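The values are calculated or read from the model by the stated rules, or taken from the named source; none is laboratory data. Bear in mind that the values here come from a model prediction, so they are computed numbers and not experimental data. Here Cβ is always computed from backbone atoms with ideal geometry, including for glycine, and neighbour counts include all displayed protein chains.
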Amino acid sequence: MKNELIHLNHISKSYGGKAVLDDLDLVIHENEFVTLLGPSGCGKTTTLRILAGFETPDNGSVIFEGKDITNLPPNKRQLNTVFQNYALFTHMDVASNIAFGLKIKKKDKSYIEDKIHYALKLVGLEGFERRSVRNLSGGQQQRVAIARAIVNEPRVLLLDEPLGALDLKLRQDMQYELIRMKNELSITFIYVTHDQQEALTMSDTIVVMNQGYIQQMGTPESIYNEPENAFVADFIGDSNLFPGIFIKDELVTIDDVPFPCTDTGFGTNRPVDIVIRPEDVKLVKKGEGTVSGVVTDVIFKGVHYEMCVDVKGREWVAHSTRPRQVDEEVDINVHPYNIQVMNKPESEDEEAVRENG
Amino acid sequence: MKIRYKGIKRVYIGLIFIFMYAPIALLIIQSFNKSKSRGRWGGFTFEWYGSLFTDASIIEAFTNTILLALLSSVISVILGTMACICISKMKKKARNIMMGITNIPMLNADIVTGVSFMLLFLTLRIQFGFGTILLAHITFNIPYVILSVMPSYRDLNPHIYEAALDLGASPVYAFIKTVLPEIMPAILSGGLMAFTMSIDDFIITHFTAGAGVHTLSTKIYSEVKLGIKPEMYALSAMIFITVLILLILVNRVQGSARKEDA
Amino acid sequence: MVKTKRIAGFLGLPYIFWAAAFIVIPLIMVVWYGLTDENGGFTFANVAAIANPAHSKALFMALLLSFIATIVCLLLAYPLCMFLVEAQKTSNSFLTMLLIVPMWMNFLLRTYAWQSILEKTGIINTFLTSIGLQPLRLINTNGAIILGMVYNFLPFMILPIYNALDDIDKNVINAARDLGASSRQTLTKVIFPLSLPGVISGITMVFIPALTTFVVSSLLGGGKILLIGNVIEQEFMVAYDWNLGSGLSLVLLIFIVINVIVSVLTERSEEDYAS
C-alpha cells in the first residue's frame with residue numbers, strides 16, 4: 001500500500017466519565033479515501049475532531065508523517081475541515097469566505113484571486129465570488145465550504161457528514177462530485193457519515209465504528225460481502241441474520257437444516273452467527289430448494305420486490321425482480337458462497353451493541 | 001365579521017399608542033408654549049430653545065447625563081461581553097450562580113438597589129458624585145448587555161470559530177473575524193438598551209448622586225415642586241425628536257439594505 | 001483548546017469581581033444596616049417598625065395600588081400582544097416604537113405630563129366643562145397613581161407576553177383547530193397555557209417596580225398618599241435614618257424574593273415539561 005500518513009495511536013477519550021473512544025488504533029495512508037462509518041454516538045465525529053485538533057485525546061497520540069501532533073493547535077495543522085452544516089461565515093461573501101485562510105497566511109492578492117477562481121471552478125460555482133453566502137442553496141453552501149477548505153492545499157481534507165443536510169438527489173450528485181474532486185486534488189479524504197450507501201459508493205477504505213471501537217476495517221466490497229460480526233452485517237445493507245451451528249468446515253445448519261458453505265476454521269459443532277443478503281436468497285418452485293416456506297409480505301421497492309418468507313416460524317427476507325403472491329408456497333436456495341459465517345460476540349459489550357443496533 | 005374584528009384590532013393598538021404618546025406630545029407642545037404655566041397656552045414661541053443654551057445648569061446636567069450614558073454603556077458592553085464568553089464556558093452550576101447574580105439588579109427594586117449603593121459608598125466613605133453614579137450605572141447596565149449577548153453567543157454555531165482555526169487563524173484573530181461579527185447585533189442592541197436605561201434612570205441616580213452633581217433626571221425631580229423650567233421641555237423635546245429621527249433613518253438604511261440583499 | 005478555555009476564564013474575572021463588589025456586597029450592607037441600630041448592636045426593631053400604623057398603611061396602600069395596576073397592565077397587554085402577534089407583519093421596529101422610544105422622553109417628565117391631563121384645569125376637565133359637565137377630581141387620587149403605574153410599567157408586561165405568544169408554533173394552534181377546538185377553546189386551552197410563563201414574567205416585572213415606586217406617588221399623588229417607597233426614600237434622604245430605611249427595605253426584599261421564587265419555579269416547571 002501507499003505511504004502511511006496518519007497514525008491514531010491507541011486513542012482514548014471520555015466525556016464526563018463516559019468513554020467515547022476506547023483504545024482506538026487507526027492508520028490512514030496517503031491519497032486514500034477513508035470513511036468512518038457508524039451510528040450516532042459511535043465516536044466517529046470525536047475521532048475527526050481529534051484529527052482536526054479541536055479535541056485532545058485523554059490517552060494516546062496523533063502521528064502525522066511521523067511527527068506527534070497531539071497537542072498542536074488546529075490552526076497549525078495541515079488538515080482542513082468541511083463542517084457539518086458548513087459553518088460558513090455568514091457576514092462575508094463567497095470570495096471572502098474562501099480567501100479567509102489564504103489571507104491569514106498573508107498570500108499576495110493575485111495568488112488569492114487565482115486560488116478563488118480555481119476553487120470555484122473545481123466546485124462548479126464559477127462567477128459566485130460576490131454572492132452573499134446567506135442566499136445560497138444548501139448544495140451551493142456545501143460547495144463553498146469545500147472550496148474554502150481546499151484552497152489552503154491541505155494534505156488531508158476532513159469531511160463531517162457534509163451531505164447530511166442535502167436532499168437525496170443532490171446527495172447522490174455530490175457523491176460523484178466528491179470522488180471527482182478527490183481524484184483531481186489527489187489528497188487524503190477522511191469522511192464521516194452514518195449513511196452506509198455514501199460509504200460504499202465513495203470510499204477506498206471503510207472503518208465501521210460502534211461505541212468507540214472499530215468493528216471492521218476494509219474495502220467496501222469486503223465490508224459488504226464478508227462482515228466480521230453481526231453489528232457490521234446488520235449496519236451495512238439489509239441482511240438476514242440467523243443463529244446457526246458450524247457443524248464442520250464448509251457445513252452449517254440453520255434451524256437444523258444443513259446448508260453447505262465455503263467458510264472454514266470455526267471448529268466443529270460451534271454456535272455461530274450467519275448472514276445471508278436478501279438478494280442472495282433465491283426463491284424457487286416448491287420441491288426444488290433446501291427449505292420450504294410461505295410468503296407473508298410483498299413490498300415493491302422500486303428496483304426490486306422485497307418478500308418476507310415464513311420458514312417454520314423464522315422470517316427470511318428475499319429480494320427479487322419477480323414478485324410472488326402472498327400465501328404462495330415457495331422453496332429457498334442459497335449458494336454456498338453467499339453464506340457468511342461469523343463468530344458470536346464475545347464480550348457483553350458487543351452483545352449490547354447488537355441488541356441496541 | 002372578519003372586517004369588524006380587524007377594525008377593533010386596529011383601534012385597540014391605536015389607543016395603546018395614543019396612551020403611550022399622549023404625554024410626550026403634550027410635553028413637546030409645552031416646549032413651544034410662550035406661557036410659563038403649563039395649564040395655559042400663551043402663544044407659540046421658539047424662545048425656550050434659544051435660552052436653553054444659556055442656562056449653564058441645564059447644559060451641565062445634560063452633559064453629565066450623556067457622559068454617564070456613554071461611559072456606562074461602553075464599559076458595561078466590554079465587561080458584559082467578556083463575561084458572556086466566560087459564563088457560557090462555565091459548568092452548569094457555576095453558570096447558574098453567575099446568571100442568578102446577574103439577574104439581581106433586574107429583579108430587585110430600583111429603590112433597594114439605590115439604597116444598597118448609598119450604604120456601600122457611605123460605609124466606604126466614598127465621595128458621592130459623578131464617579132459613584134457611574135459605578136451604579138455600569139452595574140445596572142451590565143445585565144442588559146449580558147442578557148442580550150448571551151443567547152446570541154450560545155446560539156452561535158461553534159463550528160464557525162473552529163472553521164477559522166481550521167483555516168489557520170489564531171484564537172484571537174478567529175474571535176475577531178468570526179464570532180464578533182456574529183454577536184455584534186446583540187452587543188449593539190445590548191449597548192443601546194444600556195444607554196437608554198442610563199439616560200432614563202432616576203431612582204438609582206437619586207441615591208448615588210449626592211449634592212452638587214445633577215443629571216437631567218435629578219434636576220427635573222428637584223424642579224417638580226417649583227415648576228419645571230420651560231427650557232427643560234425644549235431640551236427633552238429636542239433629545240426625543242433627534243433619537244426618533246435617528247431611529248427612523250437607521251431603520252430606512254437597514255430596510256433598504258435588506259431589500260438589496262434579497 | 002485547553003488554552004482557549006483558560007483565556008475564557010480570565011475574561012470573566014473583571015465581571016465576577018464587579019458583581020461581588022457592586023451587586024452582592026451592597027445587598028449585604030442593606031441586611032447589615034437593617035438588622036443593627038445606630039450603635040451597631042443587633043436588633044429587629046427596624047424591620048418590626050413596619051408594624052407602625054403609618055408604615056403598615058403605606059405598605060398596604062402600595063400593595064393595593066400595585067396589585068390593581070398589575071391587573072390593569074395584564075388586561076391591557078394581553079389582547080394587544082395577541083393582536084400584534086396575529087398581525088404577523090409586526091416588525092421589531094414597531095415594537096421599539098411602542099415600548100422603547102417613549103423612554104427617550106425622561107420618565108419623570110412623562111409622568112409629570114399626566115398632571116396637565118388630569119388636573120383641575122387640565123385637558124380632561126377643560127373638555128368636560130366645555131361640554132357642560134361637572135369637572136372631575138382626577139389628580140392626587142389613588143386612580144391617578146394607578147394610572148401612572150400602568151403608564152410607566154406597561155412595557156414590562158407587553159414584552160414578555162409578546163415574546164411568549166410569538167414563540168408559540170403556529171402549527172400547534174392549527175392542530176388545536178384541526179382537532180375541533182373553537183377559537184375560544186384554542187385560546188383558553190392552548191394559547192393561554194402556553195403563554196403563561198410570559199404572563200408570570202410580566203406580572204413579576206410590573207408588580208415589583210409598582211410596589212416600590214416613590215416617584216409616581218409623589219408626582220401624581222400630590223404628596224398626600226404615601227406609599228412604602230416614599231417612606232423609605234424619606235428615611236434615607238430626609239431623616240437620615242439609614243437603619244430604619246434599611247429595615248423597611250428588608251420588608252420589600254421579602255416581597256422581591258417571593259417574586260423571584262415564583263418566577264424561578266414557573267421557569268423550572270416549564271423546563272421539566274420540556275424535558
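Considering only residues of the stretch A:118-134 that are closer than 23 Å to A:Gln78 by Cβ and in a helix (DSSP H, G or I), which is nearest to the chain's Cα centre (by Cα)? Explain how you work it out, then say what you get.
The initial filter retains those residues of the stretch A:118-134 that are closer than 23 Å to A:Gln78 by Cβ, namely A:118-120, A:122-123.
Narrowing the set further to residues that are in a helix (DSSP H, G or I) leaves A:118-120, A:122.
Working: A:Tyr118: 30, A:Ala119: 27, A:Leu120: 27, A:Leu122: 25 Å.
Across the stretch A:118-134, the extreme among qualifying residues is A:Leu122.
Six or more apart or on different chains, Cβ under 7 Å: which pairs go from a residue in the stretch A:22-36 that's assigned by TED's automatic domain parsing to the domain that holds A:Tyr213 and more than 14 Å from A:Asp58 (Cα to Cα) to one that's in a strand (DSSP E or B) and charged (D, E, K, R)? Could you list them?
Correct list of pairs: A:Val27/A:Glu4; A:His29/A:Glu4.
Against the conditions (1) farther than 22 Å from A:Thr188 by Cβ; (2) assigned to a helix (DSSP H, G or I), where does A:Leu166 fall short? Just the number, please.
(2)
Among the residues of the stretch B:25-44, write down those that are not β-branched (Val, Ile, Thr) and not in a loop (DSSP other than H, G, I, E, B). Talk me through it step by step, then tell me what you get.
Residues of the stretch B:25-44 that are not β-branched (Val, Ile, Thr), as a first pass: B:25-27, B:30-44.
Hits for the stretch B:25-44 are B:Ala25, B:Leu26, B:Leu27, B:Gln30, B:Asn33, B:Phe44.
Of all residues being within 12 Å of chain B (Cβ to nearest Cβ) and in a loop (DSSP other than H, G, I, E, B) in the stretch C:211-225, which is farthest from C:Leu27 (Cα to Cα)? Just the residue, please.
It comes out as C:Gly222.
May I ask you to list the residues in the stretch C:232-252 that are aliphatic (A, V, I, L, M) and crowded, with 24+ Cβ neighbours inside 10 Å? Spell out how you get there, then give the answer.
To start, the set of residues in the stretch C:232-252 that are aliphatic (A, V, I, L, M) comprises C:232, C:237-239, C:244, C:248, C:250-252.
Hits for the stretch C:232-252 are C:Ile232, C:Leu244, C:Leu248, C:Leu252.
Could you go through the stretch A:135-154 and let me know if any residue there is in a loop (DSSP other than H, G, I, E, B), surrounded by fewer than 18 Cβ atoms within 10 Å (Cβ to Cβ) and more than 11 Å from chain B (Cβ to nearest Cβ). Before you say what the answer is, go through the steps one by one.
At the first step, the residues of the stretch A:135-154 found to be in a loop (DSSP other than H, G, I, E, B) are A:136-137, A:151-154.
Add one more test, that the residue is surrounded by fewer than 18 Cβ atoms within 10 Å (Cβ to Cβ), and what stays is A:137, A:153.
With more than 11 Å from chain B (Cβ to nearest Cβ) added as a condition, the list becomes A:137, A:153.
Yes, because at least one residue in the stretch A:135-154 is in a loop (DSSP other than H, G, I, E, B), surrounded by fewer than 18 Cβ atoms within 10 Å (Cβ to Cβ) and more than 11 Å from chain B (Cβ to nearest Cβ).
Would a scan of the stretch A:1-10 turn up a residue that is within 14 Å of another protein chain (Cβ to nearest Cβ), farther than 18 Å from A:Gln215 by Cβ, part of a loop (DSSP other than H, G, I, E, B) and more than 22 Å from the chain's Cα centre (by Cα)?
Taking the stretch A:1-10 first, the residues within 14 Å of another protein chain (Cβ to nearest Cβ) are none.
Taking every residue of the stretch A:1-10 in turn, none turns out to be within 14 Å of another protein chain (Cβ to nearest Cβ), farther than 18 Å from A:Gln215 by Cβ, part of a loop (DSSP other than H, G, I, E, B) and more than 22 Å from the chain's Cα centre (by Cα).
Kindly indicate whether any position in the stretch B:15-24 is more than 25 Å from the chain's Cα centre (by Cα), assigned to a helix (DSSP H, G or I) and of a type outside the set (Gly, Ala, Ser). Can you show your working first?
Going residue by residue through the stretch B:15-24, those that are more than 25 Å from the chain's Cα centre (by Cα) are B:15.
Okay, now just the ones that are also assigned to a helix (DSSP H, G or I), so B:15.
Filter once more, so that each one left must be of a type outside the set (Gly, Ala, Ser): B:15.
Yes, the stretch B:15-24 contains at least one residue that is more than 25 Å from the chain's Cα centre (by Cα), assigned to a helix (DSSP H, G or I) and of a type outside the set (Gly, Ala, Ser).
Being buried (at least 24 other Cβ atoms within 10 Å of the Cβ) and not in a helix (DSSP H, G or I) is the filter here; which residues of the stretch B:170-208 pass it?
Listed by number, the list holds a single entry, B:Asp201.
Pull up the stretch C:37-77, narrow it to residues that are assigned to a loop (DSSP other than H, G, I, E, B) and away from chain B (no Cβ under 14 Å), then point me to the one that is surrounded by the most Cβ atoms within 10 Å (Cβ to Cβ).
Among those residues, the one meeting the criterion is C:Thr43.
Determine whether A:Thr90 is part of a loop (DSSP other than H, G, I, E, B) and more than 9 Å from chain B (Cβ to nearest Cβ).
Working: part of a loop (DSSP other than H, G, I, E, B): yes; more than 9 Å from chain B (Cβ to nearest Cβ): no.
No, not satisfied.
If we only count strands (runs of 3 or more DSSP E) wholly inside the stretch A:275-336, which ones have 1 or more residues that are within 19 Å of A:Asp256 (Cβ to Cβ)? Even if it seems obvious, please write down each step before you answer.
On the way: elements: A:282-284, A:291-300, A:305-311, A:314-320, A:329-333.
Hits in the stretch A:275-336: A:291-300, A:305-311, A:314-320, A:329-333.
For the structure I just gave you, tell me whether C:Leu154 is in contact with a Leu (Cβ under 8 Å, 6 or more places away or on another chain), within 27 Å of C:Ser183 (Cα to Cα) and of a type outside the set (Val, Ile, Thr).
Details: in contact with a Leu (Cβ under 8 Å, 6 or more places away or on another chain): yes; within 27 Å of C:Ser183 (Cα to Cα): yes; of a type outside the set (Val, Ile, Thr): yes.
Judged against the criteria, C:Leu154 is a match.
Report the residue count in the stretch A:32-80 for those that are more than 14 Å from chain B (Cβ to nearest Cβ), assigned to a strand (DSSP E or B) and of a type in the set (A, V, I, L, M, F, W, C).
Total satisfying the criteria: 7.
Every residue in the stretch B:26-46 that is more than 10 Å from chain C (Cβ to nearest Cβ) and either free of Cβ contacts under 8 Å to residues at least 24 places away in the same chain or basic (Lys, Arg) (or both), please.
Looking only at the stretch B:26-46, we keep the residues that are more than 10 Å from chain C (Cβ to nearest Cβ), and these are B:31-36, B:41-46.
B:Phe32, B:Lys34, B:Ser35, B:Lys36, B:Trp41, B:Gly42, B:Gly43, B:Phe44, B:Thr45, B:Phe46 - these are the residues of the stretch B:26-46 that are more than 10 Å from chain C (Cβ to nearest Cβ) and either free of Cβ contacts under 8 Å to residues at least 24 places away in the same chain or basic (Lys, Arg) (or both).
Looking at (1) hydroxyl-bearing (Ser, Thr, Tyr); (2) at pLDDT 90 or above; (3) assigned to a loop (DSSP other than H, G, I, E, B), can you tell me which one A:Ser96 breaks?
Every condition holds for A:Ser96 apart from (3).
Does B:Leu52 qualify as being in contact (Cβ under 8 Å) with a residue 12 or more places away in the chain, facing chain C (nearest Cβ under 8 Å) and buried (at least 17 other Cβ atoms within 10 Å of the Cβ)? Can you show your working first?
Values: in contact (Cβ under 8 Å) with a residue 12 or more places away in the chain: yes; facing chain C (nearest Cβ under 8 Å): no; buried (at least 17 other Cβ atoms within 10 Å of the Cβ): yes.
No: the conditions fail for B:Leu52.
So that you can scan it fast, the table gives a plain yes or no per residue for (1) under 27 Å from B:Met98 (Cα atoms); (2) of a type in the set (Ser, Thr, Tyr):
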{"position": "C:Ala20", "(1), (2)": "yes, no"}
{"position": "C:Val24", "(1), (2)": "yes, no"}
{"position": "C:Gly34", "(1), (2)": "yes, no"}
{"position": "C:Asn39", "(1), (2)": "no, no"}
{"position": "C:Thr43", "(1), (2)": "no, yes"}
{"position": "C:Asn46", "(1), (2)": "no, no"}
{"position": "C:Ile50", "(1), (2)": "no, no"}
{"position": "C:Pro53", "(1), (2)": "no, no"}
{"position": "C:Met61", "(1), (2)": "no, no"}
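For B:Ser222, state whether it is away from chain A (no Cβ under 12 Å), over 19 Å from the mean Cα position of the chain (by Cα) and in a helix (DSSP H, G or I).
For B:Ser222, the condition - away from chain A (no Cβ under 12 Å), over 19 Å from the mean Cα position of the chain (by Cα) and in a helix (DSSP H, G or I) - is met.
Among the candidates C:Ile191, C:Ile203, C:Ile208, C:Ile228, which residue alone is buried (at least 18 other Cβ atoms within 10 Å of the Cβ), out of contact with any Lys or Arg (no Cβ under 6 Å at 6 or more places or on another chain), among the β-branched types (Val, Ile, Thr) and under 20 Å from C:Pro26 (Cα atoms)?
On the way: C:Ile191 fails: under 20 Å from C:Pro26 (Cα atoms); C:Ile203 fails: under 20 Å from C:Pro26 (Cα atoms); C:Ile228 fails: under 20 Å from C:Pro26 (Cα atoms).
Going through C:Ile191, C:Ile203, C:Ile208, C:Ile228 in turn, just one is buried (at least 18 other Cβ atoms within 10 Å of the Cβ), out of contact with any Lys or Arg (no Cβ under 6 Å at 6 or more places or on another chain), among the β-branched types (Val, Ile, Thr) and under 20 Å from C:Pro26 (Cα atoms): C:Ile208.
Residues being over 17 Å from the mean Cα position of the chain (by Cα), part of a helix (DSSP H, G or I) and at the interface with another protein chain (Cβ under 9 Å from one of its Cβ atoms): count how many of those fall in the stretch B:225-236.
Keep residues of the stretch B:225-236 that are over 17 Å from the mean Cα position of the chain (by Cα), which gives B:225-235.
Filter once more, so that each one left must be part of a helix (DSSP H, G or I): B:230-235.
Subsequent filtering for residues that are at the interface with another protein chain (Cβ under 9 Å from one of its Cβ atoms) retains B:232-233.
Qualifying residue count for the region: 2.
Given the criteria more than 7 Å from every other protein chain (Cβ to nearest Cβ), at negative phi and touching a His at 6+ places or on another chain (Cβ under 6 Å), does B:Ser148 qualify? Please lay out each step first, then the result.
On the way: more than 7 Å from every other protein chain (Cβ to nearest Cβ): yes; at negative phi: yes; touching a His at 6+ places or on another chain (Cβ under 6 Å): no.
Considered against the rule, which asks whether it is more than 7 Å from every other protein chain (Cβ to nearest Cβ), at negative phi and touching a His at 6+ places or on another chain (Cβ under 6 Å), B:Ser148 comes out as no.
Taking the stretch B:158-175 on its own, how many of its residues are facing another protein chain (nearest Cβ under 7 Å), touching a residue at least 12 places away in the same chain (Cβ under 8 Å) and not small (Gly, Ala, Ser)?
Qualifying residue count, the stretch B:158-175: 1.
Filtering the stretch C:211-225 down to residues that are surrounded by 21 or more Cβ atoms within 10 Å (Cβ to Cβ) and among the small types (Gly, Ala, Ser), which residue is farthest from B:Ile203 (Cα to Cα)?
Among residues in the stretch C:211-225 that are surrounded by 21 or more Cβ atoms within 10 Å (Cβ to Cβ) and among the small types (Gly, Ala, Ser), the one farthest from B:Ile203 (Cα to Cα) is C:Gly221.
Restricting attention to the stretch B:73-120, report how many residues are touching a residue at least 40 places away in the same chain (Cβ under 8 Å), closer than 30 Å to C:Leu244 by Cβ and either at the interface with chain C (Cβ under 8 Å from one of its Cβ atoms) or surrounded by 16 or more Cβ atoms within 10 Å (Cβ to Cβ) (or both).
Counting residues in the stretch B:73-120 that are touching a residue at least 40 places away in the same chain (Cβ under 8 Å), closer than 30 Å to C:Leu244 by Cβ and either at the interface with chain C (Cβ under 8 Å from one of its Cβ atoms) or surrounded by 16 or more Cβ atoms within 10 Å (Cβ to Cβ) (or both) gives 8.
Working only within the stretch A:261-277, note down all residues that are touching a strand residue (DSSP E or B) at 6+ places or on another chain (Cβ under 6 Å) and surrounded by 13 or more Cβ atoms within 10 Å (Cβ to Cβ).
Matches in the stretch A:261-277: A:Cys261, A:Asp263, A:Phe266, A:Arg270, A:Val272, A:Asp273, A:Ile274, A:Val275, A:Ile276.
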